[in-house]
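Let me begin by presenting the structure, written as structure tokens, before commenting on it.
No value in this document is a laboratory result; all are computed from the given coordinates. As the structure is a prediction and not an experimental result, all values here were calculated from the model. A quick note on method: Cβ atoms are made from the backbone with ideal geometry, for glycine too, and the neighbour counts reach across all protein chains shown.
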Amino acid sequence: MKKTLSVILAALMLLSCASLVFAAEDSRGIVYVTIADKGTLAVADKPVVVKDIDADKAITVNDALYCAHEEYYKGGAKEGYSSYTGTYGLSLGKLWGDESDPDKNYYTNFGYYVNDGFAMSLADPVNAGDHVYAFSYTDTENWTDSYSFFDKKNVKAVSLEKTELTLNAYSFDENFMPVTAPLEGAEITVDGFRTFKVTDENGKADITILLPGEHVISATAPDGKIIAPPVCVINVEFDLVKMISNIFDGISEFFSGLFKS
């Protein structure tokens, strides 16, 4: 009886370990990917199940972008994506069907980031829940496109609830080191439509959305700048009581502002 019980317990332990390994592998492969094609969002923070496509025993930026093209690009990664080993390691050769100019030698027409930080190469590792962003430059002569990002990637709200976001953008200091700072004067968009809401000197802007469902918040650059469009996915729920409360709050804030001015 004891021997049988031991065998059963051992079998249960093995099954438990196998389940944990499977769960870990499954979750590790889920990465959120954004792809911008010359200033236009093609993929906006979509979850992608990422596999080790190049058999290097790691889940990398290259794997994430390849799998994103397999899932979202018409014709798959074969038509829309490629990578190559160059002067600076594994690099992008084609993104969303756009090919890098080979005459530029080590220069590339693409940029890519992980969790809003620079990625050194496509071989950089990514983990479960990471956000990978790749974009093709609009300015392919001087590469003046700035990577921009919101302080939030995903938010939830109810209809007409105010959501505040902060927009930051990369630039370079006098030593050519990357720095981030709030981006003033950028106009917020929702699902590609103008809102006429503009970020202030602290990069902040608030947005309210009526229609329930999933929406993509982004921004267009102020005059004289080019940005890789930021992304925040907002899920809006319809709640009549809270919506009415938000309406009254908005009216109260409006009249309060009138009296202050």
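Site pair Glu237 and Phe172 shows an inter-label distance of 4.6 nm when each label is modelled 7 Å from Cα along Cα→Cβ.
Model label sites at Val49 and Thr87, defined 7 Å from Cα along the beta-carbon direction, differ in position by 4.1 nm. Take each peptide in 171-178, 200-207, 118-125, count the other Cβ atoms within 10 Å of every residue, and average; sorted highest first, the result is 118-125, 200-207, 171-178.
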